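The values are calculated or read from the model by the stated rules, or taken from the named source; none is laboratory data. Quick caveat: nothing in here was measured; it's all calculated off a predicted structure. A quick note on method: Cβ atoms are made from the backbone with ideal geometry, for glycine too, and the neighbour counts reach across all protein chains shown.
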Amino acid sequence: MTRALLKWVDSGLNRIGEISIIRETRSSDHAFRLVHHLDIAGPESTPRGELTPYHSPGDAREIVKFNARGEYRPLKTAPDLRRGWELRLADATALREALDYFYPAMIAAWFHYCEGRVPSVPLRETLGRQTGMYRFAREITDADAQELVANHCDSQKGCLKKILWQLDAETPLSGLPPCKHDPGAAPDGLEDQAIPLLCQEACNLVVGEARRVSKRAAEARKRAGGKE
Amino acid sequence: MEFPSHAALVIAGHGSTENPDSSAPTFQHADAIRRRGLFSEVTCAFWKEEPSFRQVYRMVESAEIYVVPNFISEGYFTREVIPRELELDPDSRTTRVHGKLVHYCDPVGVHPTMAGLLIKRAREVAPGVPPEECSLLVVGHGTGLNSNSRKAIEDQVARIRSDVDFSYLEVLDTYMEEDPLITNWQEIAKAPNVVVVPFFVSDGLHSYQDIPVMLGIEKEPTAAASQREVFRQNPHHLDGRNLYYSSAIGTEPDMADVILDQVKDLIAQEN
């Protein structure tokens, strides 16, 4: 997978999520540099001397932990990666490790997608296998599930991933624009330059939210029943 | 003993959608093991963070995988959630899944070497305090829903008690939600010095935010450890006694060796 990543970068795929991947010149002491894409180009870019330098793949874990408001980021593909840093990486192995911290499992997902091996799991299947406190998530109605996904997975405020799964085997998701389900439709028209972030199965945050919504609906039904 | 250098190690943790410090020790132990070059790959996977358990098979390229749960006891997560999410055979230590041979080890918290780590941590947190004037309280979660949560701690405390070199006045197991409750530490512990070591895998919600309130160190839960400028200073003078509160046992760097010990034990069992 590291070899494939190197090939992608050398072929011009130099963007993943909110990160720009820069291949350094041979005279540099490091092979790659990662920066927030807004820090490197455009009207709001940051002079390189003002970026805080980091040198180890593990430093990525600190960069991704909090957003600019200091809030914890449990979802690493949320569109609020903070700015103001650059991560210098010695080689392709370090690049792969760092990207696995920035966007966990996303290099692997794209690798398997390119090989034609990316099974997706319908939301109903994910919810159906939950137990313990999450078993209530199974009870969510189709309408509530569609609304939940439309709100929580929205690329502008929720998650940058492209959703490959459906509600169930027959029912597609209905609340998000078609580009949200198209790995070939990159942000900012960067189809030729970006490694897509692919969602093969709803994450724990969606499952947790489904639990909250279905519990709330059950309580509302109970209250309504009590009044009758 | 040789480790299977062709195989991958996956450390399975809980993670958190609320606490930024929950997964940090799991990553640090993975870093430490990776530096030793014992496995072809070392990766973490989590229940509530990414990469998720479901994603990890796609990340790992090796055909053989050892999975060690970075959990404190046998229970719901180690017996139900992780096997289900990793599609493991519940009746076998080894499962062939998605073309990979997966070996499922015991969780770190039940390994006998944890007792030595607890003693080491107690000595570090209260240096220079005469052991015979000191009570050691190991505090766990405890839950009426699962007796294994308590058993893991009782077993470690029994090991410490039977250690001939252990010279503390007493060592006791205590809990957040079961008797003996850590809230009652002043009645439970007899010595003028009291060392409390949380039996948790990270300084997350319970060990960093909840238990300090139960001990009386804090009036209300503080921000997470990584979001505070000053880490707590020992000892705390309460009720005329010196209270030493340690960070969670799971943050101990030697936990990386416990993870490796669980792999070694499974290999020994299989041979």
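Taking segment B:76-112 as the range and being on the phi < 0 side of the Ramachandran plot, part of a loop (DSSP other than H, G, I, E, B) and exposed (fewer than 15 other Cβ atoms within 10 Å of the Cβ) as the test, the residues that pass are B:D89, B:P90, B:D91, B:S92, B:R93, B:P112. Quick test for you: out of B:E41, B:E50, pick the one residue that is free of Cβ contacts under 8 Å to residues at least 40 places away in the same chain and within 16 Å of A:K76 (Cβ to Cβ). Only one candidate passes the filter, namely B:E50. Looking across segment A:201-222, just one residue is acidic (D, E) and free of Cβ contacts under 8 Å to residues at least 24 places away in the same chain, and that is A:E219. When B:L38 is tested against the conditions (1) out of contact with any strand residue (DSSP E or B) (no Cβ under 6 Å at 6 or more places or on another chain); (2) within 12 Å of chain A (Cβ to nearest Cβ), the lone failure is (2).
For segment B:193-212, which positions are hydrophobic (A, V, I, L, M, F, W, C), at pLDDT 90 or above and closer than 17 Å to B:G142 by Cα?
Answer for segment B:193-212, where residues must be hydrophobic (A, V, I, L, M, F, W, C), at pLDDT 90 or above and closer than 17 Å to B:G142 by Cα: B:V196, B:V197, B:F199, B:F200, B:V201, B:I211.
For residues that are small (G, A, S) and more than 14 Å from every other protein chain (Cβ to nearest Cβ), scanning just segment A:33-88, find the one that is surrounded by the fewest Cβ atoms within 10 Å (Cβ to Cβ). Among those residues, the one meeting the criterion is A:G49.
The set of residues in segment A:96-140 being within 22 Å of the chain's Cα centre (by Cα), of a type in the set (S, T, Y) and in a loop (DSSP other than H, G, I, E, B) consists of A:Y103, A:S120.
B:T43 meets each of the listed conditions (1) out of contact with any Gly (no Cβ under 8 Å at 6 or more places or on another chain); (2) β-branched (V, I, T); (3) at the interface with another protein chain (Cβ under 9 Å from one of its Cβ atoms); (4) assigned to a helix (DSSP H, G or I) apart from (4).
So which of A:L198, A:L176 ends up being in contact (Cβ under 8 Å) with a residue 24 or more places away in the chain, of a type outside the set (D, E) and more than 12 Å from chain B (Cβ to nearest Cβ)? So that I can check it myself, show each step before the final result.
On the way: A:L198 fails: more than 12 Å from chain B (Cβ to nearest Cβ).
None of the other options fit; the residue is A:L176.
Criterion applied to B:D163, B:D173 was being under 21 Å from the mean Cα position of the chain (by Cα) and free of Cβ contacts under 8 Å to residues at least 40 places away in the same chain, and the one residue passing it is B:D173. For B:A189, state whether it is free of Cβ contacts under 8 Å to residues at least 24 places away in the same chain, of a type in the set (G, A, S) and farther than 26 Å from B:G15 by Cα. No, not satisfied.
Mind checking whether some residue in segment B:51-66 is of a type in the set (F, W, Y) and within 21 Å of A:R61 (Cβ to Cβ)? The answer is yes; a qualifying residue exists.
Restricting B:D155, B:D173, B:D165 to residues that are among the acidic types (D, E) and crowded, with 20+ Cβ neighbours inside 10 Å narrows the list to B:D173. B:V10 - would you say it is closer than 29 Å to B:L205 by Cβ, crowded, with 21+ Cβ neighbours inside 10 Å and in contact with a Leu (Cβ under 7 Å, 6 or more places away or on another chain)? Against the criterion (closer than 29 Å to B:L205 by Cβ, crowded, with 21+ Cβ neighbours inside 10 Å and in contact with a Leu (Cβ under 7 Å, 6 or more places away or on another chain)), B:V10 does not qualify. Which residue pairs have Cβ atoms closer than 9 Å, lie 6 or more positions apart in sequence or on different chains, and pair a first residue in segment B:64-79 that is without any contact (Cβ under 8 Å) to a residue 40 or more places away in the chain with a second residue that is of a type in the set (D, E, K, R)? Listed pairs, sorted by first residue: B:T78/B:D106. Contact annotation: residue pairs with Cβ atoms under 6 Å, 6 or more positions apart or on different chains, pairing a residue in segment B:138-159 that is charged (D, E, K, R) with a partner that is buried (at least 17 other Cβ atoms within 10 Å of the Cβ) and assigned to a helix (DSSP H, G or I), are B:R159/B:A115.
Among the residues of segment A:103-122, count how many are touching a residue at least 40 places away in the same chain (Cβ under 8 Å) and either within 11 Å of chain B (Cβ to nearest Cβ) or in contact with a Ser or Thr (Cβ under 9 Å, 6 or more places away or on another chain) (or both).
12
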